[in-house]
Each structure stands twice: as C-alpha cells, then as structure tokens.
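Participant: One structure is given below, represented as structure tokens, and several questions about it will come after.
The numbers here are math on the coordinates, done by the rules we state, and not lab data. Note that the structure is a prediction, hence the values are computed from the model and not measured. As a convention, Cβ positions derive from the backbone with ideal geometry for all residues, glycine included, and neighbour counts pool all protein chains shown.
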Amino acid sequence: MKLTRRNFSKFAGTGVLAAAAPGLFAPALAQDKPLRIGIIAPRSGAEAVHGLISTGVSLGVAPVAEEEQALLVMWDGTTQDGVKEMMPNPRYVFRSTDNECEAVMGSLLAIKYFKGKFKRVAGINPDYSYGRNNWEAFRQILARYGIEAEFVAEQWPKVGTMDLTSHIAALKAAKPDLIFSSMLFADLPVFMKQGHAAGLFDGVKMVLPAAGWQINQLKKEFMPEGVVFGHNTLYFDHPQGSALQKAFVADYMDRYKEAPHWEADRAYFALAAYKAGVEAAQKAASKWPTPEQVAQAMPALEVESLGGKGRFRKDKIAEQVFYQGPSTNTNKYDFPTLASIDTFQAEQLQKPPGADFWEWIKSAKMPV
C-alpha cells in the first residue's frame with residue numbers, strides 16, 4: 001500500500017508503521033510523490049548485516065546522510081566512537097539515547113540492591129566498544145560511591161560466540177560474589193543456560209542491564225531469582241503502563257506469541273517524533289515541509305511512545321524513560337518479570353550536550 005501525506009498521520013498514530021526491528025526511518029519527502037520510509041535493519045545472524053544497531057555501521061551511514069541532507073532518525077547505534085561524540089552539531093541526523101544509559105542504571109541498582117552483599121566481582125561482556133564501555137562504567141560507578149570490590153575476572157567473548165564453556169569455567173574458578181554482563185544478543189541465553197548447568201550462579205548476584213532484549217529466550221528453568229534485569233525503554237508488563245502500551249503489548253503478544261522488547265518502543269518513538277515534526281513544520285509553513293524544516297521542528301517536541309513520553313534534545317539525541325529492577329520467576333510466563341520496577345529518566349543516565357562521558361560520570365548527580 002502506498003503511504004501518502006494524506007494518510008500518514010492516520011497510520012502513524014495507530015503504530016501500524018512502527019515495525020519492531022532495529023534500524024532507522026529515512027523519509028524521502030518529495031512533495032508530489034508518496035511518502036516513502038526506508039529502514040536499515042539486521043536480517044539474520046549475529047555477524048550478518050548489523051543495520052543501525054551498531055555504532056560501527058552508524059558511524060559510516062550518519063555522516064553520509066548529513067552530507068546528503070537526508071533526514072535520518074536512528075533508534076539505536078548511537079554515532080559515538082567509544083563514548084567520544086563524533087557528530088556534535090548534526091542538522092539532519094537524530095540519534096537514540098546513549099548506549100551506556102542502561103549500564104549506568106544497572107550499576108546504580110547494583111549498589112541499591114546488593115550493597116554490602118558482594119566483594120568479589122567478575123565481568124563477562126561482548127568484545128567491542130559497547131561491552132567495554134559498560135564494564136568500565138560499572139567499575140567507575142562502584143568506585144565513585146565507595147564500594148570496595150575486588151575485580152577477579154574479565155571475560156570478553158566475541159559477538160556470536162555460542163560455546164561459552166571456557167569463559168564460564170574461568171568465571172567459576174574466580175569465585176565471584178557478583179557477575180556483571182552487558183551481553184544482549186543470542187549469546188546471553190546461551191551463557192545463562194550453560195552457566196546454570198555449571199552451577200556458576202549458585203549464591204552469586206547478577207547484573208544484566210541489557211537482558212530485556214532476550215526476554216523470551218531467558219527461561220525460568222535456568223534463570224536465577226533477583227537478577228538486576230534491564231528493559232531499557234519498554235517494560236512490557238508494567239502495571240501502570242499507558243493505554244497505548246497495553247494495547248500494543250496485547251496486540252503484539254496475540255500476533256507473535258511472545259513479549260515485545262524495547263526495540264519496538266524505539267521504532268515507535270522514532271516515527272512518532274517524525275510525525276510530530278512534520279505536523280509542527282507543516283503548521284508553520286502552511287504546506288508540506290521540507291526535510292530541513294522537519295529537522296528544525298523535531299527537537300524538544302514531546303511525544304507519547306510505548307514506554308512513556310520522550311523527546312529529542314537540541315543536539316538531536318533522544319531522552320526517554322528507562323526501566324530495570326530485580327527479577328522474579330513468580331509469574332504467569334515462562335521467563336522472568338520484574339519483582340519491582342525502578343524508573344529513571346534518560347537525563348539522569350546520559351551525559352549532557354557537549355560533555356565527556358568519563359568526566360561526567362565522575363561528578364554527575366545520580367539517583368542513588
């Protein structure tokens with residue numbers, strides 16, 4: 001079906017166009033043609049086409065979009081080299097919240113729930129910038145808040161590694177009291193299943209800030225209770241979720257027989273923010289707006305997304321709501337849910353415009 005300017009608002013408002021696949025919306029707004037929305041998304045396998053969930057891919061795509069003056073709305077894969085800002089003043093490129101937000105939140109919740117209950121700490125994280133940044137952020141936040149910890153093991157499996165037995169053996173030999181892992185791809189359920197079989201989690205606290213991506217694969221049979229469990233910007237089972245969230249979750253679970261995770265919210269937010277920008281720019285110009293006019297209108301417009309209200313800052317980085325908490329296996333599903341829900345705003349978790357992440361983390365006011 002062709003999407004025209006006339007019916008765009010109708011379908012965008014219902015969420016029909018917000019497919020729950022990682023990527024971007026790149027509308028081509030020719031005035032006398034149907035509205036076209038393109039998505040760059042991974043299609044299969046951990047090592048296949050990554051799409052714009054990968055900072056490495058977005059670092060290549062975003063500058064080209066900026067040069068071509070093509071409006072680009074990314075809901076993942078922030079354009080950072082590590083945590084160094086690579087596009088401080090974009091005109092056409094809109095980016096997701098910083099990838100490190102969930103690690104900052106998970107670190108703060110580790111202090112909240114586990115303070116005084118661990119001394120020996122181990123980490124197993126994916127061997128690329130996301131995993132290394134998250135692990136370092138965890139270490140620095142523990143130090144900042146005076147948590148005395150001995151870091152007894154670091155494991156760095158390559159993305160896509162499905163046999164994690166050697167990593168698990170190394171972790172078990174280190175005898176940690178707490179394990180931090182920002183794994184989020186198919187390797188996470190493999191790690192949890194193999195670790196459970198090896199007795200790795202017996203008496204060990206767990207912090208999994210990105211676990212929600214694999215919510216349907218993390219089965220109760222091998223998941224310990226009380227894990228600090230991250231759901232990023234969408235917790236599907238939130239009892240105080242909006243009518244929009246409840247309707248989306250019910251429809252999604254009826255259709256796909258599994259729970260939606262945060263990428264669904266990120267996709268919905270991207271399109272809702274674009275829709276709001278088109279409407280604001282069209283009202284100001286009294287005609288169908290150009291991509292530049294839409295890009296100028298989008299920052300600071302608050303929209304309702306699946307996980308709550310969100311907006312883009314003036315530097316075109318998103319601010320949304322994050323959800324984590326201790327997990328429980330006492331529920332009607334075959335995977336863990338949250339025993340209690342901690343809710344943080346993105347402005348509490350990510351560096352402000354122009355700031356250096358590692359300097360900001362030393363002095364930022366954090367909700368501990």
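Participant: Once the piece of chain linking residue 302 and residue 49 is laid out straight, how much longer is it, given 0.36 nm per residue of separation minus the C-alpha distance between them?
Facilitator: Value of the extension gain: 87.9 nm.
Participant: Okay, next question. Set the Förster distance to 22 Å, then compute FRET efficiency between residue 359 and residue 81 from the Cβ-Cβ distance, nearest 0.05.
Facilitator: 0.85
Participant: Hey, fewest Cβ within 10 Å first, where do 167, 231, 196, 261 land in order?
Facilitator: 196, 167, 261, 231
Participant: Oh, and also: Compute the orientation-averaged projected area for the chain from the convex hull of its Cα atoms and round it to one decimal in nm².
Facilitator: Across all orientations, the chain yields a mean hull projection of 17.6 nm².
Participant: Then there's this: What nm value, rounded to one decimal, do you get for the distance between residue 169 and residue 341 when each label is placed 7 Å out toward the C-beta?
Facilitator: 4.3
Participant: Also: What's the magnitude of the charge dipole for the range 76-158 around its Cα centre, counting Lys and Arg as +1 and Asp and Glu as -1 at the beta-carbon? Answer in Debye, nearest 20.
Facilitator: Magnitude of the dipole: close to 280 debye.
Participant: Hey, could you get me the Stokes-Einstein D for the range 287-334, Kirkwood radius over alpha-carbon pairs, 37 °C and 0.692 mPa s, rounded to whole µm² s⁻¹?
Facilitator: Using the Kirkwood radius from Cα pairs, D works out to 240 µm²/s.
Participant: For a protection proxy built on the mean count of beta-carbon atoms within 10 angstrom, sort 185-192, 320-327, 289-296, 359-366 highest first, please.
Facilitator: Answer by packing, highest mean first, reads 320-327, 185-192, 289-296, 359-366.
Participant: How large are Rg and Dmax for the range 45-135 when calculated on the C-alpha trace, in angstrom?
Facilitator: 16.2, 54
Participant: Taking the Cβ-Cβ separation of residue 242 and residue 145 as r and a Förster radius of 56 Å, what is the calculated FRET efficiency to the nearest 0.05?
Facilitator: Once the sixth-power term is evaluated, E becomes 0.95.
Participant: Which values, in whole Å and largest first, are the semi-axes of the equivalent ellipsoid of the range 112-263 obtained as the square root of 5 times each eigenvalue of the Cα gyration tensor?
Facilitator: Over the Cα atoms of the range 112-263, the ellipsoid semi-axes are 28, 18, 14 Å.
Participant: At each listed q (0.16, 0.18, 0.24 Å⁻¹), what is the log10 of I(q)/I(0) that the Debye formula gives for the range 112-179 modelled as equal alpha-carbon point scatterers?
Facilitator: Reported log10 I(q)/I(0), two decimals: -0.57, -0.71, -1.10.
Participant: Related question: Where the only charges are on Cβ atoms (+1 Lys, Arg; -1 Asp, Glu), what is the dipole of the chain about its Cα centre, to the nearest 20 debye?
Facilitator: With only Lys, Arg, Asp and Glu charged at Cβ, the dipole is about 660 debye.
Participant: If R₀ is 30 angstrom, what is the calculated FRET efficiency for the pair residue 112 and residue 89, using the beta carbon separation as r and rounding to 0.05?
Facilitator: So, using R0 = 30 Å, E works out to roughly 0.25.
Participant: Another one. Checking the cross-link filter: which lysines have an alpha carbon closer than 21 Å to that of residue 119, excluding same-chain neighbours under 8 positions apart?
Facilitator: Reachable lysines: 172, 175, 205.
Participant: Here's a follow-up. Grab the eigenvalues of the alpha-carbon gyration tensor for the range 296-368, scale each by 5, take roots, and send me the semi-axes largest first in whole angstrom.
Facilitator: With the √(5λ) rule applied to the range 296-368, the semi-axes are 29, 19, 8 Å.
Participant: Please get the size of the charge dipole for the range 311-368, origin at its Cα centre, with Cβ charges of +1 on Lys and Arg and -1 on Asp and Glu, quoted in debye to the nearest 20.
Facilitator: Approximately 180 debye in magnitude.
Participant: OK, next. Using the structure shown, select from 316/362; 287/314; 283/309; 257/332; 115/219 the pairs with a Cα to Cα distance greater than 18 angstrom.
Facilitator: 316/362; 287/314; 283/309; 115/219
Participant: Show the residues, 5+ positions off or on another chain, whose built amide H is closer than 5 Å to the amide H of residue 317.
Facilitator: 95
Participant: Just from its helices, what would the mean residue ellipticity at 222 nm be for the chain, if runs of 4 or more DSSP H residues each count -39500 (n - 2.57) and the sum is divided by every residue, rounded to the nearest 500 deg cm²/dmol?
Facilitator: -11000 deg cm²/dmol
Participant: What percent of all Cα-Cα pairs in the range 245-362 falls in each 5 Å bin, counting up from 0?
Facilitator: Bins of 5 Å from zero give 2, 10, 15, 17, 16, 15, 11, 8, 4, 2, 1 percent of pairs.
Participant: Okay, moving on. What does the range 243-313 give for Rg and for Dmax, in Å, if only its C-alpha atoms count?
Facilitator: Cα radius of gyration and Dmax of the range 243-313 are 14.5, 44 Å respectively.
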